[in-house]
Each structure stands twice: as C-alpha cells, then as structure tokens.
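Colleague: Please find one structure pasted underneath; my questions will follow.
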Amino acid sequence: MAGKGPDGDGLIRKRVDGRWEGRIVIGHKEDGAPIFKSVFAKTQKELMPKLHDAIACYRDAELSEQGNMTLRDWIEQWLASYAEPTLRASTVRGYRSDIRRHIGPALGGKMLRSITQRDVQKFYNALGRKTYKARDGSERRLADATVRGIHMLLHEIMEAAVRARLIVNNPTDGTTIPKLNRPPMKILNEEQLDRFMEAIRAEPLWYDFFYTEITTGLRRGEICGLKWCDIDEANGTLKVCRSIHAVPGGTLEVGETKTEKGTRTILLPASTLHILKERRKKALTEWIFPSLLEPEKPTSPSAAYHRLKLILKGADLPDIRFHDLRHTFATHAMRSGVDAKTLSGILGHTNASFTLDTYTHVTTDMQKNAAVIVGDFMTEIFGKELKPWQN
C-alpha cells in the first residue's frame, strides 16, 4: 500500500516487514534517475513527523549520487582538488596526519551522506578523552587546541561537500568543542632579556642569528630562509618571502610564508642592519644564515631550536620555546609604543585585531596607563574635588 505524503512531496508505504517507509526525492543521478531519501517507523502515525522533518531538511536540495561515497573517499578527493593545489605542502602533511590518526579511524568508513551531527559530537567527545604517550613516557590528553584544529579541518571538508552538493547540511555545525584555553604566554622580561643578550654574545657562530631574531620577531622558518637578495641596504629594509620547513626524513623544504600577509617588507633597526652589513662581507653562500656544516644549505629550524635551548640553560633563563622570542619582541615593542597596526605588519599577522587579541596582556597594562593619564588630565580641568568620571 502506497500513497502521497504530506503536501504531495513524498511517498509513504507499508513494507512487507511491517514497518512504514516515507520516501522523498533529494536529487538526481547523471542519467536523470531520482535519488531517494527514506525514513522509517513502526506506525504511519509515527512516520509522519519524521517525513515532515525530512521534507524540511531536504527542501530545494538537488544532490548528486556521489554523496553515497564514504567520508574517506571524499577526503581523498578534497585533498587532491582543494587542499593540495592551494595550501603549503607542510600544511597538507599536517592535515593528512590528523586524518590518518583521528578522523579516518572514527568516521572514515561512514557514508558521507549518513554522517550526523550526533556522530561528529561523539567523535569530538572521544577526542577529548584520548591520550597519547609523550616523549618523556607520560600519558597525556590531546590538547584542547588540537581538538579545535581537528574540528576546523573536518568542518572545511564537510563544507566543501555541501558546496559540491554531496550533502545538504554540514554536520559539524552546532557541535560543541573545547574552548581555546591558551597557556600564559612566556616571554623574557627586561632583566632576562639583558641576560639573554649577554649569553648570545658568547656565541660567535649564532650571535647574528639570535640578535636578528630578537629585534625582528621573525618566525623560525622565516629567519632560517633569509637570503642576501632579501636585504635592501640603501633603504634599510628586509623582505620576508620564504620559509624553511623540515620534511619527513630530515630534509629541508623551501616554501612560502605561513600566510599571505606573511610575505612582507620590514624596516630593520639600525643596529641589526649594521650587523648584517658586516656579516655580508664574509658571506660564502646566498643564505644569510647558512648551515654551519653545509653552507650551501640554510640553517635548519631544528638546529636553531636546539641551540636556543642550550643558550637558555647555560644562562639559567626560563625554558621558553623559539616562538616565545617572537612574543618577547612583540611584547617589548608594544610596551615601547609601537602601535598594533604597525606591529601587525612587522609580524606578518593577518590583521591588527589578531595582534591585539594575541597580546592582551600588554594592551591591558596600556589601558591602565591610559586611565591614569586621562585621570590626571581630567583632574587638571575639574580640580581634585570634582571627579565626575569616577561617579
């Protein structure tokens, strides 16, 4: 027994197994044959709300038959057609790692069209409980930032499926993910920065490298990728236009900067320009900071990292990351009066608001200072006995 569904938009029937089925058209195959979506219930009364929901969900949908592929198959298409042609090779490698370790085992075998918001939420909840063995042998949970990164990747994969008319809605929408709880930023304070500068003076092979880093705030791959052709001595500028990345196997890869804004030209401090001019007189290769063992190659980012760790340990300084030298530069620059827009350009951030969000610890202090200045100014106008801004 079959009949029209609500508003004539679906077909309903009682199956031979006793269940009721509601079926609607959600797209067409290449030969024009319809693609159906079915919902089931024990009774016709129970079926009708489900059928109404399906009609509302797939209203105006025109899906292709490729939506029947698995998520794993769609991911491979997405990587080949969307990710690899537009993203850095190192970014794609990171995506493949997250897909292989996390997304694939949990959801890869599911039909793309059958993945629900509930499936995705269960996956995120499981990620939040997942542990791994750290280098020191201890068991650790995946960081909240890692879970958020996996969510962003899966969201983009599913959003591309929506645009390709493989699915109607993105099942990652409306899910709950961990808040971004960044650990307190580690920087060298003024006293520690003085000790750091003293420590690098005892490192003749690395002094120029770390002096340039602490006075420009370049990313580790960016400073390793600098060439002499990037310096305009007449104008005192440095063009940042490439980055060095380590690839599996220990080899180095020359690639683009992290973001489009990462390619930039910055004005060098006079002291840094002087150091680089003197260094150029003894240069043997195109690289400003070549490998100590293989001068025809750039310095490896990992070599710079390990040398930093030795310098910090020898000077009894906090065990900070290499990226914290960038934070140190930016923090002291803002406290010295460099505005967020200018600093954003120096650092290669996407926009000034990102810079302000990243260095809120500095802007909070600056707001307090501004409040004191405004308070003193208003006191001069109204007198000490009248402070309307405090009421």
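Colleague: HN-Hα J couplings of region 141-149 from phi, Karplus 6.51/-1.76/1.60, θ = phi - 60°, integer Hz, Gly and Pro as x?
Modeller: Each residue's phi maps through the Karplus curve to give 7, 4, 5, 4, 5, 5, 4, 5, x Hz.
Colleague: Now a separate question. So between Thr251 and Arg195, what do we pick up on full extension, going 0.36 nm a residue minus the alpha carbon distance? Spell out each step's value before the answer.
Modeller: Working: separation 56, 0.36 × 56 = 20.16 nm, distance 3.38 nm.
Going from the current span to full extension adds 16.8 nm.
Colleague: Mind sorting Met334, Met111 by how few other Cβ atoms lie within 10 Å of their own Cβ, fewest first?
Modeller: Met111, Met334
Colleague: List the residues, sorted by chain then number, that are 5 or more residues from Lys227 or on another chain and whose placed amide H is less than 5 Å from its amide H.
Modeller: Here Ile288 satisfy the definition.
Colleague: Still on this model: Subtracting the Cα-Cα distance from 0.36 nm times the residue separation, let me have the gained length for Arg141 to Glu203 in nm, one decimal.
Modeller: 18.5 nm
Colleague: Using a cut-off of 12 Å between beta-carbons, work out the net charge of the residues near Arg15 (Lys and Arg +1, Asp and Glu -1, Arg15 not included).
Modeller: +3
Colleague: What is the Cα centroid distance between region 117-153 and region 245-319, reported in whole angstrom?
Modeller: Measuring centre to centre over Cα atoms gives 33 Å.
Colleague: Still on this structure, please answer the following. By count of other Cβ within 10 Å, fewest leading, how are Ile275, Ile177 ordered?
Modeller: Ile275, Ile177
Colleague: Hey, could you grab the Kirkwood Rh for region 159-285? Inverse mean 1/r over distinct alpha carbon pairs, Å, one decimal. Write down the numbers at each step before the final one.
Modeller: Values: mean 1/r = 0.0547 Å⁻¹.
Radius from the Kirkwood sum: 18.3 Å.
Colleague: Of Lys133/Lys309; Lys42/Lys130; Lys133/Lys186; Lys186/Lys297; Lys29/Lys50; Lys227/Lys341, which ones are farther than 29 Å apart at the Cα?
Modeller: Result: Lys42/Lys130; Lys186/Lys297 exceed 29 Å.
Colleague: Near the amide H of Thr237, under 5 Å away, which other amide H atoms are found, from residues 5 or more places off or on another chain, if H is placed in the peptide plane?
Modeller: Those qualifying (amide H under 5 Å, at least 5 residues apart or on another chain) are Asp232, Leu268.
Colleague: Now a separate question. Would you order His306, His155 from fewest to most other beta-carbon atoms within 10 Å of each residue's own beta-carbon? Before the final figure, lay out the partial values.
Modeller: On the way: His306 12, His155 17.
In order of increasing Cβ crowding within 10 Å: His306, His155.
Colleague: Work out from phi, with θ = phi - 60° and the Karplus expression 6.51 cos²θ - 1.76 cosθ + 1.60, the ³J(HN,Hα) of each residue of region 306-322, listed in order in whole Hz, and give x for Gly and Pro.
Modeller: So the J values, rounded to whole Hz, are 5, 5, 4, 4, 5, 5, 4, 5, x, 9, 6, 9, x, 7, 8, 7, 4.
Colleague: Suppose R0 equals 51 Å; then what is the FRET efficiency for Thr70 and Ser353 from their Cβ-Cβ distance, rounded to the nearest 0.05?
Modeller: 0.80
Read-outs throughout are calculated quantities, based only on the coordinates presented, and are distinct from any laboratory measurement. In this text, all values refer to a predicted model and were calculated from it rather than measured experimentally. Neighbour counts run over all protein chains shown; Cβ positions are idealised from the backbone, glycine included.
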